[in-house]
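Chemist: Have a look at the structure that comes next, please.
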Amino acid sequence: MIGEGRIVVVGASLAGLRAAETLREQGFAGSLTLVGEEPHPPYDRPPLSKQVLLGRVRAQDVALPSRSAVDARWKLGVRAGGVDPIEKRVILADGEQLAYDRLLIATGTRARPWPNADEARLDGVLTLRTNDDAARLAERLDAGPRRVLVIGAGFIGSEIASACRELGLDVTVAERGPSPLVGALGGTLGTFAGKLQRAHGVDLRCGVTVTALKGRNGRLTGAEFSDGGRIDADVAVVALGAVRNTEWLDGSGLAAGPRGVACDAGCRAFDMYGIVTDDVFVAGDVARFPHPLFEYQMLSLEHWGNAVAQAEVAAHNMISPGPRRRPHLTVPAFWSSQFGLNIKSVGVPTFSDQVVIAQGSLREGRFVAVYGYRGRVTAAVSVNRAKWLEHYQYLIETAAPFPPAPGAADRPGSFDPVPSDVPSPQLLSHGPTVALTGHLPDRHLTLVRHELSPTAAHCR
Amino acid sequence: MPPDTLFERITDYANRPDPYPLYAELRESGVVRQDNGSYLVGTYHEIAALLHDPRISSDLRNRKEPDPDAALARSDELPPSFIGVDDPEHDRLRRLAMRPFGPPHSPGRIDALHGDITRIAEELIHSFHDKDRIDLVDDFAYPLPVTVICRLLGVPQEDVPRVRAWTNAIIAGFDPTPGEDPEQRRRSAQEARMAMAHYLGGLAEERRGHPTGDMLSALANDEGPEGRLTHRELMATGVLLLIAGHETTVNLITNGMLTLLRHPDILEQLRAAPELLPRAVEELLRYEPPVHFLPQRSPLTDIDVAGITVPKGAPLILVLASGNRDPLRFRDPDRFDPMREDNQHFGFGSGIHNCFGAPLARIEAQIALDALLRHLVDPRLVEDPPPYRRSPVLRGPRHLLIERAAGA
Amino acid sequence: MQIVVDLNRCQSYAQCVFLAPQVFELHGEEALMFRPSVPDDQHERVRRAEAACPVQAILVGEPAGLGAS
């Protein structure tokens, strides 16, 4: 199976699109079908929490450009309901069955909903993941609410708060953890982010949870906090992180669960026994894969760049014989812009025990923070210092010693690393955008005897 | 005695028309230590890494052996400009200079110059429309950028001849000509730099409180959250912007036309499809860059470059034009291919010291070449190679004689 | 015309902002914002920005999945 056959891609967002393009670019001439739950052709999500909320760009105008023309059948607005790995068929919610020789799972994530369904239904309670979500939220912000509540201070929550302040809106941010962004960037940068938010007039409340969303006549009126505080608010944005779209794979026998679909370094999915499949591949936010730079821990990355890079590797491997397959080794990277700052990261900041400011200073708001784990460099984060980051990527790739050698022009003297203070994800409102799951199995297998069944184990 | 070290051969005027075989030799040898203790780097990936390495200084005061030019600079009453200092000072000075020039504060300023630059180019071409033979440098490639930068800064047109005289003396200052007294050369350069600085400082001073819409007025008046440049900083910045704002663009336009005349098929292709010019200009920046090397870097600590330790304070010379021809980075690097993909050249450097004026140079070159292609029918090189300017750093023809079909 | 910028590659040289200031902007000193859907009168400027990007981070194309059902 190199140039011929049937390929089905489930998930028609960034990873699905780039995989489809790569398949065609690399000469796949068989039938290609993309299935997408959303009715829209692939679009770019990062602008949704930035340009779109600021009213600079309309939510429906964020379509992704195609890299090359893709001859494919697009099934949009239809959910995949299951997969039969024996008969090699994807079962769609509309009843259609799509036969495949190779399957790519790129179903991504969705916004974690507010856990109280009645409160979640209140008019004014929103999430932000899709462009329809963004259109609704932008409209609400444009209407000039008296106060916006953002629940969760991860990247999305912080970017929303930033947009609100730029629009001149009062905003309260509630975060269970000790500071914003702490789950992704650790204590030093979390503290910096907290000061930043307060300096921009955000009513930031850390160490609290929202205990109730209050409403009247079906409309949100305010919220109560675990510390007894309460606020009035017309809009609440639930920014509690993401849920991986894997439920449709229940019963498929694949290693799919809340932390994603496990695969090998070549993007081939594992089945629930840890045996690698050779016809099912995974890419993007839904994938969980081992990375050699991070002790082969299984990483789940909710990163734009990972979706692109992993999709390209998966597509290549889907149509390549074994010896020509490639590993997905890209160093993780992401960016955020908020409160006028450009925050960029390479490596995995949560894979660290120490951090040091290697260039610039927190006080100026221009710096590079370098993270280390057991004496080697594992990540770097720049704030308004993007041109230096390439240097640190090289240090990560070469497992250079931590702390890095001193001598930077804008950071004379020796380094004084401090603990990186990466909290357990359980302590946060916002989910981590990188999940290290290698040493934290999330499910236990129970072996049951069941003759010739493809699913001889059950999960609990 | 013939020059022996590689760097001496590179800087030898006899090799100015074609230094590229020497660059190939440099890449073969890896990092090359010269007898004088300086180190040459000519491979793309090593240059890229060094341009993004925070331990590499652009400040000559960090040299172990005092550089004669740096010694001179110290005796100067001017502070170094932002190309000669490191972060955070570099960052502060550059950001202040950027305020009236580009984003985030003045995003549309250069874009708005399109019409003016086009008009100036057309006027220059019209001025030689009845000549069968032109010197592209004197008749076009020099007057165009110098007029543009003077207008942008707010230097009156009638003072352009003075600007040119100062600039020539300053450029000659870091231009080793065998047989001349280097002290004399440096002193003249120094005097010219001070004269230009005082002249620009005077213009800015006149406009303090009376802004006239140009960059000098803005630098003298606009106050950001970090204040503004001191008077001496403004003088140093003004000199830098004025000189760098045209010297290199002359070479870009001239090298560009020379390259196109050597590739007549591509010249015709671009004439027929001018929308290809932006990409062609990027390829010119790779293939015949206006700045061949960065001579003033040095490490702040011992560093490893491709297995060689370059000691703290040693002169580190990054040969950008060699990196641009590195076959490990560019396929078929010695071929001029205006359709080249993934062209991440060093024509404007890279990292924090990337060319401040790049956006201006880029549109000047696009507009200049477009106008020349439209108006010069059947152009022909009179001599190839043309006579070159002395400088091995700012490398380009001193004259470029072009003949064209009579009556066209 | 539709664009996307790979902001992992982007090092904020801002050449695109100079060339097409109505499509690209710096938000603060360094953060790049862009209009994914390019107005007709900006196509040529965006093509120039694409060519000039020092890290070749701008992807220009037609909207993906056009004609998708």
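The values are calculated or read from the model by the stated rules, or taken from the named source; none is laboratory data. On a predicted model such as this, the values are computed, not experimentally measured, just so you know. In this analysis, Cβ positions are derived from the backbone assuming ideal geometry, glycine residues included, and neighbour counts consider all displayed protein chains.
Chemist: Please pick out the residue among A:ARG443, A:ARG460 that is touching a Cys at 6+ places or on another chain (Cβ under 7 Å) and modelled with pLDDT under 70. First the steps, then the outcome.
Modeler: Working: A:ARG460 fails: touching a Cys at 6+ places or on another chain (Cβ under 7 Å).
Going through A:ARG443, A:ARG460 in turn, just one is touching a Cys at 6+ places or on another chain (Cβ under 7 Å) and modelled with pLDDT under 70: A:ARG443.
Chemist: Residue by residue through the range B:371-385, note down the ones that are over 22 Å from B:SER322 (Cβ atoms) and either without any contact (Cβ under 8 Å) to a residue 60 or more places away in the chain or in a loop (DSSP other than H, G, I, E, B) (or both).
Modeler: B:LEU376, B:VAL377, B:ASP378, B:PRO379, B:VAL382, B:GLU383, B:ASP384
Chemist: Give me a count of the residues in the range A:73-84 that are surrounded by fewer than 21 Cβ atoms within 10 Å (Cβ to Cβ) and either touching a Leu at 6+ places or on another chain (Cβ under 9 Å) or outside the structural domain of A:GLY251 (by TED's automatic domain parsing) (or both). Walk me through it before giving the result.
Modeler: So the first thing to find is which residues in the range A:73-84 are surrounded by fewer than 21 Cβ atoms within 10 Å (Cβ to Cβ), and the list is A:73, A:76-79, A:81-82, A:84.
If we keep only those that are either touching a Leu at 6+ places or on another chain (Cβ under 9 Å) or outside the structural domain of A:GLY251 (by TED's automatic domain parsing) (or both) too, we end up with A:73, A:76, A:78-79, A:81-82.
So the answer is 6.
Chemist: Go through B:ALA195, B:ALA220 for me and flag whichever is touching a Lys or Arg at 6+ places or on another chain (Cβ under 8 Å) and either in a helix (DSSP H, G or I) or in contact (Cβ under 8 Å) with a residue 60 or more places away in the chain (or both). Reasoning before the result, please.
Modeler: Numbers: B:ALA195 fails: touching a Lys or Arg at 6+ places or on another chain (Cβ under 8 Å).
Checking each option against the conditions leaves just B:ALA220.
Chemist: Name the residue, out of A:LEU220, A:LEU249, that is in contact (Cβ under 8 Å) with a residue 24 or more places away in the chain and within 25 Å of the chain's Cα centre (by Cα). First the steps, then the outcome.
Modeler: On the way: A:LEU220 fails: within 25 Å of the chain's Cα centre (by Cα).
None of the others qualify; the one that does is A:LEU249.
Chemist: Is it true that some residue in the range A:51-69 is surrounded by 22 or more Cβ atoms within 10 Å (Cβ to Cβ), in contact with a Gly (Cβ under 9 Å, 6 or more places away or on another chain), within 13 Å of another protein chain (Cβ to nearest Cβ) and under 30 Å from A:ALA138 (Cα atoms)?
Modeler: Yes: the range A:51-69 contains one or more residues that are surrounded by 22 or more Cβ atoms within 10 Å (Cβ to Cβ), in contact with a Gly (Cβ under 9 Å, 6 or more places away or on another chain), within 13 Å of another protein chain (Cβ to nearest Cβ) and under 30 Å from A:ALA138 (Cα atoms).
Chemist: Same structure again: Conditions: (1) surrounded by 24 or more Cβ atoms within 10 Å (Cβ to Cβ); (2) over 24 Å from B:ASP91 (Cα atoms); (3) hydrophobic (A, V, I, L, M, F, W, C); (4) more than 7 Å from every other protein chain (Cβ to nearest Cβ). C:MET1 meets all but one. Number of the miss?
Modeler: In the conditions (1) surrounded by 24 or more Cβ atoms within 10 Å (Cβ to Cβ); (2) over 24 Å from B:ASP91 (Cα atoms); (3) hydrophobic (A, V, I, L, M, F, W, C); (4) more than 7 Å from every other protein chain (Cβ to nearest Cβ), C:MET1 misses (1) alone.
Chemist: From the list B:GLU288, B:GLU282, pick out the single residue that is more than 27 Å from B:VAL31 (Cβ to Cβ) and of a type outside the set (A, V, I, L, M).
Modeler: Working: B:GLU288 fails: more than 27 Å from B:VAL31 (Cβ to Cβ).
Just one listed residue meets the conditions, B:GLU282.
Chemist: If C:PRO54 meets every condition in (1) in contact with a strand residue (DSSP E or B) (Cβ under 8 Å, 6 or more places away or on another chain); (2) at the interface with another protein chain (Cβ under 8 Å from one of its Cβ atoms) apart from one, which number is that one?
Modeler: All conditions are met except number (1).
Chemist: Determine which single condition A:ARG136 fails, assuming it passes every other condition in (1) in contact (Cβ under 8 Å) with a residue 40 or more places away in the chain; (2) out of contact with any Phe, Trp or Tyr (no Cβ under 7 Å at 6 or more places or on another chain).
Modeler: Every condition holds for A:ARG136 apart from (1).
Chemist: Now a separate question. Would you mind stating whether C:GLU62 is charged (D, E, K, R), at the interface with chain A (Cβ under 7 Å from one of its Cβ atoms) and in contact (Cβ under 8 Å) with a residue 60 or more places away in the chain? Outline the logic, then answer.
Modeler: Details: charged (D, E, K, R): yes; at the interface with chain A (Cβ under 7 Å from one of its Cβ atoms): yes; in contact (Cβ under 8 Å) with a residue 60 or more places away in the chain: yes.
So C:GLU62 passes the test.
Chemist: Still on this structure, I have one more. Please give the strands (runs of 3 or more DSSP E) falling wholly within the range B:232-318 in which 2 or more residues are not aliphatic (A, V, I, L, M).
Modeler: Numbers: elements: B:294-299, B:303-305, B:308-310, B:316-318.
Counting at least 2 such residues, we get B:294-299.
Chemist: Can you name the residue in the range B:338-347 that is away from chain A (no Cβ under 13 Å) and either assigned to a loop (DSSP other than H, G, I, E, B) or at pLDDT below 95 (or both) and is also surrounded by the fewest Cβ atoms within 10 Å (Cβ to Cβ) among such residues? I'd like the intermediate steps shown before the answer.
Modeler: First, the residues of the range B:338-347 that are away from chain A (no Cβ under 13 Å): B:338-340, B:342-343, B:345-347.
This time we only want the ones that are either assigned to a loop (DSSP other than H, G, I, E, B) or at pLDDT below 95 (or both), so: B:338-340, B:342-343, B:345-346.
Details: B:PRO338: 21, B:MET339: 11, B:ARG340: 19, B:ASP342: 8, B:ASN343: 22, B:HIS345: 24, B:PHE346: 28.
Once the filter is applied, the top-ranked residue is B:ASP342.
Chemist: Take A:ARG56 and decide whether it is within 30 Å of A:LEU149 (Cβ to Cβ), charged (D, E, K, R) and not in a strand (DSSP E or B).
Modeler: Yes: the conditions hold for A:ARG56.
Chemist: Right, here's the next one. Confirm whether A:ARG24 is among the basic types (Lys, Arg), within 12 Å of chain C (Cβ to nearest Cβ) and under 27 Å from the mean Cα position of the chain (by Cα). Give the derivation first.
Modeler: Values: among the basic types (Lys, Arg): yes; within 12 Å of chain C (Cβ to nearest Cβ): no; under 27 Å from the mean Cα position of the chain (by Cα): yes.
Judged against the criteria, A:ARG24 is not a match.
Chemist: Okay, next question. Just the residues that are within 9 Å of chain C (Cβ to nearest Cβ) and either among the hydrophobic types (A, V, I, L, M, F, W, C) or within 24 Å of the chain's Cα centre (by Cα) (or both), please, taken from the range A:346-381. Reasoning before the result, please.
Modeler: We begin by selecting, within the range A:346-381, every residue within 9 Å of chain C (Cβ to nearest Cβ); these are A:346, A:366.
Scanning the range A:346-381 gives a single hit, A:VAL346.
Chemist: Among the candidates B:THR237, B:THR248, single out the residue that is touching a residue at least 60 places away in the same chain (Cβ under 8 Å), over 21 Å from B:LEU78 (Cα atoms) and in contact with a helix residue (DSSP H, G or I) (Cβ under 8 Å, 6 or more places away or on another chain).
Modeler: Working: B:THR237 fails: over 21 Å from B:LEU78 (Cα atoms).
That would be B:THR248, the only listed residue that is touching a residue at least 60 places away in the same chain (Cβ under 8 Å), over 21 Å from B:LEU78 (Cα atoms) and in contact with a helix residue (DSSP H, G or I) (Cβ under 8 Å, 6 or more places away or on another chain).
Chemist: Within the bounds of the range B:349-370, is there any residue that is of a type outside the set (Asp, Glu), surrounded by 15 or more Cβ atoms within 10 Å (Cβ to Cβ) and in contact with an Asp or Glu (Cβ under 6 Å, 6 or more places away or on another chain)?
Modeler: Keep residues of the range B:349-370 that are of a type outside the set (Asp, Glu), which gives B:349-363, B:365-369.
Next, from what is left, pick out any that are surrounded by 15 or more Cβ atoms within 10 Å (Cβ to Cβ): B:349-363, B:365-369.
Still in the running and in contact with an Asp or Glu (Cβ under 6 Å, 6 or more places away or on another chain): none.
No.
Chemist: Could you check how many residues of the range A:59-89 are in contact with a Pro (Cβ under 7 Å, 6 or more places away or on another chain), in contact (Cβ under 8 Å) with a residue 12 or more places away in the chain and not in a loop (DSSP other than H, G, I, E, B)?
Modeler: Residues that pass the stated criteria total 2.
Chemist: I've got another one for you. Please enumerate the residues belonging to the range A:270-286 that are out of contact with any Ser or Thr (no Cβ under 7 Å at 6 or more places or on another chain), within 21 Å of A:ARG18 (Cα to Cα) and not charged (D, E, K, R).
Modeler: Within the range A:270-286, A:VAL280, A:PHE281, A:VAL282, A:ALA283, A:GLY284 meet the criteria.
Chemist: Given the structure, is A:SER336 crowded, with 19+ Cβ neighbours inside 10 Å, under 19 Å from the mean Cα position of the chain (by Cα), among the polar types (S, T, N, Q) and more than 26 Å from C:SER12 (Cβ to Cβ)? Talk me through it step by step, then tell me what you get.
Modeler: On the way: crowded, with 19+ Cβ neighbours inside 10 Å: yes; under 19 Å from the mean Cα position of the chain (by Cα): yes; among the polar types (S, T, N, Q): yes; more than 26 Å from C:SER12 (Cβ to Cβ): no.
No, not satisfied.
Chemist: Filter the range B:247-271 for residues that are modelled with pLDDT under 95 and of a type in the set (D, E, K, R) and give the result. Steps first, answer last, please.
Modeler: If we filter the range B:247-271 for residues that are modelled with pLDDT under 95, which is where we start, we get B:247-248.
Hit for the range B:247-271 is B:GLU247, nothing else.
Chemist: Please go through the range A:1-21 and give me each residue that is in a loop (DSSP other than H, G, I, E, B) and under 20 Å from the mean Cα position of the chain (by Cα), ordered by number.
Modeler: Kept after step one, since they are in a loop (DSSP other than H, G, I, E, B), are these residues of the range A:1-21: A:1-5, A:11-13.
Passing the criteria: A:GLY11, A:ALA12, A:SER13.
Chemist: Can you tell me how many residues in the range A:373-385 are buried (at least 24 other Cβ atoms within 10 Å of the Cβ) and either of a type outside the set (A, V, I, L, M) or outside any strand (DSSP E or B) (or both)?
Modeler: Within the range A:373-385, residues that are buried (at least 24 other Cβ atoms within 10 Å of the Cβ) and either of a type outside the set (A, V, I, L, M) or outside any strand (DSSP E or B) (or both) number 3.
Chemist: Checking the structure you have, find out if any residue of the range B:375-389 is under 16 Å from the mean Cα position of the chain (by Cα), at pLDDT 95 or above and within 30 Å of B:ARG92 (Cα to Cα). Please lay out each step first, then the result.
Modeler: Narrowing the range B:375-389 to residues under 16 Å from the mean Cα position of the chain (by Cα): B:388-389.
Those still in the list that are at pLDDT 95 or above too: B:388.
From what is left, the residues that are within 30 Å of B:ARG92 (Cα to Cα) are none.
Looking for residues that are under 16 Å from the mean Cα position of the chain (by Cα), at pLDDT 95 or above and within 30 Å of B:ARG92 (Cα to Cα), one finds none in the range B:375-389, hence no.
Chemist: Hey, another quick one. With the requirement that a residue be among the basic types (Lys, Arg) and not in a loop (DSSP other than H, G, I, E, B), what does the range A:349-372 give you? Working first, answer last.
Modeler: Initial filter on the range A:349-372 (among the basic types (Lys, Arg)): A:363, A:366.
Result: A:ARG366, single match.
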